[in-house]
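Student: Submitted below is the structure of interest, expressed as structure tokens.
What follows draws every value from the coordinates through simple rules; no lab data is involved. For clarity, every value in this text was computed on a predicted model and none was experimentally measured. Glycine gets a Cβ as well: all are built from the backbone with ideal geometry, and neighbour counts include every protein chain shown.
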Amino acid sequence: MTMPASPTVTQASALHTPPMTAASIDGLLERLVVRWHEVEPAHAERGMAGKVCDLHRFNFLLWHEEDIARSPEVTDARIAEVKRAIDRYNQARNDSIEKLDDWLIEELARRGIAAAADAPAATETPGAAIDRLSILELRRFHMREQIERADATQEHREKAASRMVVLDMQRTHLIEAIDRLLAEIFAGQRPLRVFRQMKMYNDPTMNPYLYKADKAGTKSAA
């Protein structure tokens with residue numbers, strides 16, 4: 001009887017290699033920020049990259065709606081529209097974080113990787129950490145705009161440049177942390193547990209203002 005061959009070192013290494021490196025994730029986020037400022041935000045990525053892009057797109061849309069909301073020249077009616085859009089995008093953003101983590105959990109199951117029951121969990125999931133990296137790339141893009149503003153004072157540009165140094169350092173640290181987290185998860189050293197956000201404000205059955213208003217409307221109609 002022929003015994004099945006044991007996996008080689010190369011095969012075992014590939015099995016435990018995360019689907020994407022943090023540097024490749026960040027490079028994708030950085031490129032998309034630039035492109036989406038020129039064209040409608042969309043992508044054709046699949047797999048983990050597709051989930052990352054979905055999350056990044058909602059952060060991109062959310063960022064620019066919040067810019068509108070802070071303008072003193074915007075009318076009250078426009079502010080109401082923007083507030084509703086912010087709620088929708090923020091809900092979609094949180095859903096996208098969980099979907100990214102769910103994809104990783106499915107990939108771990110497909111590879112047969114499971115951490116020991118007593119393995120220590122991290123304080124945040126890869127999806128949550130990548131969400132922070134997404135926002136950081138948006139912040140870096142807009143900080144670079146301030147550095148390059150022809151109508152700004154030299155003092156303003158230097159202040160922005162000093163802040164960019166900090167943002168770059170934070171990006172380096174976050175990339176290292178995400179790589180370490182993914183490596184530990186795919187090595188079976190840490191479990192990946194998704195903490196559901198359970199957002200209530202968009203749910204008409206859980207937001208007190210919404211369901212009380214609905215009941216009041218039903219009684220009035222009766």
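Student: Any idea how many residues of the stretch 142-157 are assigned to a helix (DSSP H, G or I), among the polar types (S, T, N, Q) and loosely packed, with under 12 Cβ neighbours inside 10 Å?
Tutor: Selection size over the stretch 142-157: 1.
Student: Kindly provide the set of residues from the stretch 19-48 that are free of Cβ contacts under 8 Å to residues at least 12 places away in the same chain, assigned to a loop (DSSP other than H, G, I, E, B) and within 24 Å of Leu108 (Cα to Cα), ordered by number.
Tutor: Ala44, Arg46
Student: Identify, from the list Ala129, Ala160, the residue that is buried (at least 16 other Cβ atoms within 10 Å of the Cβ) and without any contact (Cβ under 8 Å) to a residue 24 or more places away in the chain.
Tutor: Just a single option satisfies the conditions, and that option is Ala160.
Student: Looking only at the stretch 97-110, decide whether some residue is within 22 Å of Trp36 (Cβ to Cβ), part of a helix (DSSP H, G or I) and in contact with a Phe, Trp or Tyr (Cβ under 8 Å, 6 or more places away or on another chain).
Tutor: No: zero hits.
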